[in-house]
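Structure first, commentary second.
The values are calculated or read from the model by the stated rules, or taken from the named source; none is laboratory data. All figures in this text were calculated on a predicted structure; none of them were measured in a lab. Neighbour counts run over all protein chains shown; Cβ positions are idealised from the backbone, glycine included.
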Amino acid sequence: MKIGVIGTGYVGLVSGTCFADSGNDVICVDIDEKKVEKMRNGEVPIYEPGLNRVFDRSIREKRLSFTTDLEDTFQKSDIIFLCLPTPPGADGQADLSFVLNVADQLGDLFNKYPDYKVVVNKSTVPVGTADKVREKIAAKTDTEFDVVSNPEFLREGAAVEDFMYPERVVVGTRSEKAAKMMKTLYEPFVRSGNPIIIMDERSSELTKYAANAMLATKITFMNEIANICERVGANVDNVRRGIGTDSRIGKRFLFAGIGYGGSCFPKDVQAIHHTAGQHGYDFKILDSVMKVNESQKVSIVEKMKKHYGDSLKGKTVGVWGLSFKPETDDIREAPSLYITDALGKLGVKMKAYDPEAIETFKEAATEDALNNIEFASDRDAVLDGVDALVICTEWNEFRRPDLENFTKLMKEPVLFDGRNLYDLERAEEAGITYISVGRPSVN
Ligand code: UGA
């Protein structure tokens, strides 16, 4: 099929590349000329495992191309994906100006080239957006077209795999013609029998928010269980295994830590809470989720205050991991931003390392953090002479260090682990003071 993808951010680039890999002709269009030039030269503008390989192959086989020319892309496409930014507006509601502006231009193009096409909303957009896009286009043309909602469920760091092997594909449309085209497009990805679920546009739009809000709630629930574990002397690892084996609960997304971050959960929880409010419904559970998550992000600092008392000021602390999760350089809403800010304000000096996110961190961190932080070139360089180590992100390279290194290199082997990376027994044997999340403290 002929596919046009408007917007080459994270979602657009991954979707366009994977659609090309499954045999379609894909043109990706973006207004950023420099970015388009880079992609034309074979450069992938984001860090995403596995993307380079599929990207290179699709370009080599001439199924994937990049342009700034929306009109040409429109003419050559049967299905047009809108993968545009929907940043949170001042009131917490997603800002639709990018999406509606492009819809307006599409209206003119439908008028100029009157062939049936399907316009697909792939960005995460408030309920009712498909209708708004339809209205915008229809205001400019009488040409037949359909607007479909097709939310994405990709995780950063696993996006290519998630796209290639989705557990489900959700398509919101009441048009049989559009549904048929979408099914044809997605069939190669669901060969194992996973469903393509067709529903109305509004349910589809809400499905995306409901999925993220449910997952954020699940994590937050476990974080609260962890907080109780710490108070009653239980171990959240045991509780997680105890409940996760119940298939009604499920094993995944039950890992307690220092709060969820990233560009999706925080934004989407806020947005659906806001939508509910607009319709006169107080979505109380999400209110609590947001509040708990906020305090969970700095819970590790509270533990440090408790451990050190007034002597925390003037300490030098190592920080392992800055990105909001492993395998990405994304720093948006990362707990590290809040932790380094709080520590900076308390007069704590920091030495930090992250395999990918140091540069993005420098752009996003607060002055209080940056004035008190220096960056190290590797994992062990952070440990040299520090009073304590804080672990913010569970990168693989942090999972299996020689635990003796903590005793050898650090001034004092004191670990505040926000991701529960180490066995309590191993930490005990290695003589480390180990304070993690929802588990008894060691030494
Ligand atoms: C999330 C969803 O998982 C995707 O399905 C969705 O498509 C995407 O948002 C989106 O809306 O675009 P992502 O934000 O990339 O994906 O990251 P996740 O892997 O879901 O992690 C989100 C946060 O939850 C991270 O801060 C992570 O550390 C935290 N988390 C995750 C936990 O604290 N515990 C867990 O058990 C799992």
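Remarks
- Filter result for D341 (more than 14 Å from the ligand (Cβ to nearest atom) and closer than 19 Å to L421 by Cα): no
- Qualifying residue in region 321-328 (condition: assigned by TED's automatic domain parsing to the domain that holds I225, surrounded by 15 or more Cβ atoms within 10 Å (Cβ to Cβ) and touching a Leu at 6+ places or on another chain (Cβ under 9 Å)): no
- Residues of region 2-60 classified as more than 16 Å from the ligand (Cβ to nearest atom) and on the phi > 0 side of the Ramachandran plot, total: 2
- Of all residues making up region 293-320, the number that are surrounded by fewer than 20 Cβ atoms within 10 Å (Cβ to Cβ), within 16 Å of the ligand (Cβ to nearest atom) and among the β-branched types (V, I, T): 1
- Members of region 167-191 found to be within 13 Å of the ligand (Cβ to nearest atom) and out of contact with any helix residue (DSSP H, G or I) (no Cβ under 6 Å at 6 or more places or on another chain), listed by number: E167, R168
- Options F398, F375, F406, F361; residue that is on the phi < 0 side of the Ramachandran plot and within 14 Å of the ligand (Cβ to nearest atom): F398
- Residues (touching a residue at least 60 places away in the same chain (Cβ under 8 Å) and either part of a loop (DSSP other than H, G, I, E, B) or within 24 Å of the chain's Cα centre (by Cα) (or both)) located in region 413-443: G418, R419, N420, V437, G438, R439, P440
- Where helices (runs of 4 or more DSSP H) fall entirely within region 320-409, those with at least 1 residues that are of a type in the set (G, A, S) and touching a Ser or Thr at 6+ places or on another chain (Cβ under 6 Å) are at 367-370.
- Looking across region 204-242, the residues that are surrounded by fewer than 16 Cβ atoms within 10 Å (Cβ to Cβ), over 24 Å from P151 (Cβ atoms) and not charged (D, E, K, R) come down to I228, V232, G233, N238, G242.
- Filter result (acidic (D, E) and modelled with pLDDT of 95 or more) within region 71-108: E71, D72, D78, D104, D108
- Test for N235: is it closer than 26 Å to S436 by Cβ, of a type outside the set (D, E, K, R) and at pLDDT 95 or above: yes
- Residue among I373, I391, I331 that alone is touching a residue at least 60 places away in the same chain (Cβ under 8 Å), surrounded by 14 or more Cβ atoms within 10 Å (Cβ to Cβ) and touching a helix residue (DSSP H, G or I) at 6+ places or on another chain (Cβ under 8 Å): I391
- Checking each residue in region 133-156 for being within 16 Å of the ligand (Cβ to nearest atom) and either in contact with a His (Cβ under 9 Å, 6 or more places away or on another chain) or closer than 17 Å to I80 by Cα (or both) picks out S149, N150, P151, E152.
- Check on G385, in contact with a helix residue (DSSP H, G or I) (Cβ under 9 Å, 6 or more places away or on another chain), touching a residue at least 60 places away in the same chain (Cβ under 8 Å), loosely packed, with under 13 Cβ neighbours inside 10 Å and assigned by TED's automatic domain parsing to the domain that holds V348: yes
- In region 164-189, the qualifying residues are those that are in contact (Cβ under 8 Å) with a residue 40 or more places away in the chain and over 19 Å from V125 (Cβ atoms), and the one that is nearest to the chain's Cα centre (by Cα) is M164.
- Tally of residues being in contact with a Phe, Trp or Tyr (Cβ under 9 Å, 6 or more places away or on another chain) and of a type in the set (K, R) across region 326-357: 2
- Per-region count, region 275-292, residues within 16 Å of the ligand (Cβ to nearest atom) and over 24 Å from E230 (Cα atoms): 1
- Cβ-Cβ under 9 Å pairs, at least 6 apart or on other chains, region 244-272 side farther than 17 Å from R155 by Cβ and in a helix (DSSP H, G or I), far side among the hydroxyl-bearing types (S, T, Y) and more than 7 Å from the ligand (Cβ to nearest atom): A271/T86; A271/Y209; I272/Y209
- The set of residues in region 234-264 being under 24 Å from E294 (Cα atoms), more than 12 Å from the ligand (Cβ to nearest atom) and among the small types (G, A, S) consists of A234 alone.
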